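Report on the following structure.
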Amino acid sequence: MTKFLLSLHVLAAIVAVGPVTVAASMFPPSARKALAEPDSERAVSAVRLLHRICRVYGGVGIAVPVLGFATAMSMGVLKDAWLIVSMLLTALAAMVLLALVLPRQEEILEGIGCTAVDVGTTARLAMFTGLFNLLWATVTILMIVRPGSTTGA
């Protein structure tokens, strides 16, 4: 059962978190283009699509910690420090996405065609997106290295 849960956990991470990190990273430069060319339906559509990917796959991404917790329970590692740190960083990444990235994407989408959004807004969004991606990269490294692991990694 552990291998099955671990497989689902890794697949969920790849399928859900991967698209969010890529789409969120592509959003700020695409938003700058759409803000510069508000009459370009293609530029505006691209930004809308990237935001939708972030929202939908961010929601699907809840499966990652749920399956990770189930896997950790079956492995008996819930009290290991590396896992606790990973869970805290995962929660922090979710908060960054929900409180800082998605709302700013929505703000930018609403501001296309207006002068309400400036370059600073997209720069701050890029910074928060980078933080989100850094948190996920750190969690991924912790999952691979697992300090104290007996697998020799």
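The values are calculated or read from the model by the stated rules, or taken from the named source; none is laboratory data. Computed from a predicted model, the values in this text were never measured in an experiment. Here the Cβ is made from the backbone with ideal geometry for all residues, glycine too, and neighbour counts use every protein chain on show.
Some points to look at:
- Number of positions in the range 19-43 that are among the hydroxyl-bearing types (Ser, Thr, Tyr) and under 20 Å from Cys114 (Cβ atoms): 2
- Among the residues of the range 107-125, the one identified as more than 16 Å from the chain's Cα centre (by Cα) and closer than 12 Å to Ala24 by Cα is Thr122.
- Filtered by the rule that a residue be modelled with pLDDT of 95 or more and charged (D, E, K, R), the range 49-85 gives Arg52, Arg55.
- Residue in the range 112-134 that is among the acidic types (Asp, Glu) and either at pLDDT 90 or above or in contact with a Lys or Arg (Cβ under 8 Å, 6 or more places away or on another chain) (or both) present: no
- Residues that are within 22 Å of Pro103 (Cα to Cα) and either out of contact with any Asp or Glu (no Cβ under 6 Å at 6 or more places or on another chain) or without any contact (Cβ under 8 Å) to a residue 24 or more places away in the chain (or both) occur at least once in the range 7-17.
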